[in-house]
Amino acid sequence: MALELAARALDRARARSGFQLLAGAPPWFGNSGFFQGVSGIGYVLLRAARPGTLPSVLIADLPS
């Protein structure tokens, strides 16, 4: 289901010539924040394309 949602998001981005990060923001607006910005989108798509190659930034690997 996650891959299907990602595919739909990519289709919308292609149709709009970019991702719409904030509703109502101008088309040229970009958010560089990791979790809500373009960098986060790229990281999630890379993890979806190659599962297991990149760590989840949401799971902390804390020393014991």
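For the reader, a short list of remarks on this structure follows.
- With respect to the conditions (1) hydrophobic (A, V, I, L, M, F, W, C); (2) assigned to a helix (DSSP H, G or I); (3) modelled with pLDDT under 80, F19 lacks only one, and its number is (2).
- Any hit, region 31-47, residues being modelled with pLDDT of 85 or more, out of contact with any Asp or Glu (no Cβ under 8 Å at 6 or more places or on another chain) and polar (S, T, N, Q): no
The values are calculated or read from the model by the stated rules, or taken from the named source; none is laboratory data. Predicted model only: the values in this text are computed from it and were never measured. Using ideal geometry, Cβ is built from the backbone for each residue, glycine included, and neighbour counts are taken over all protein chains shown.
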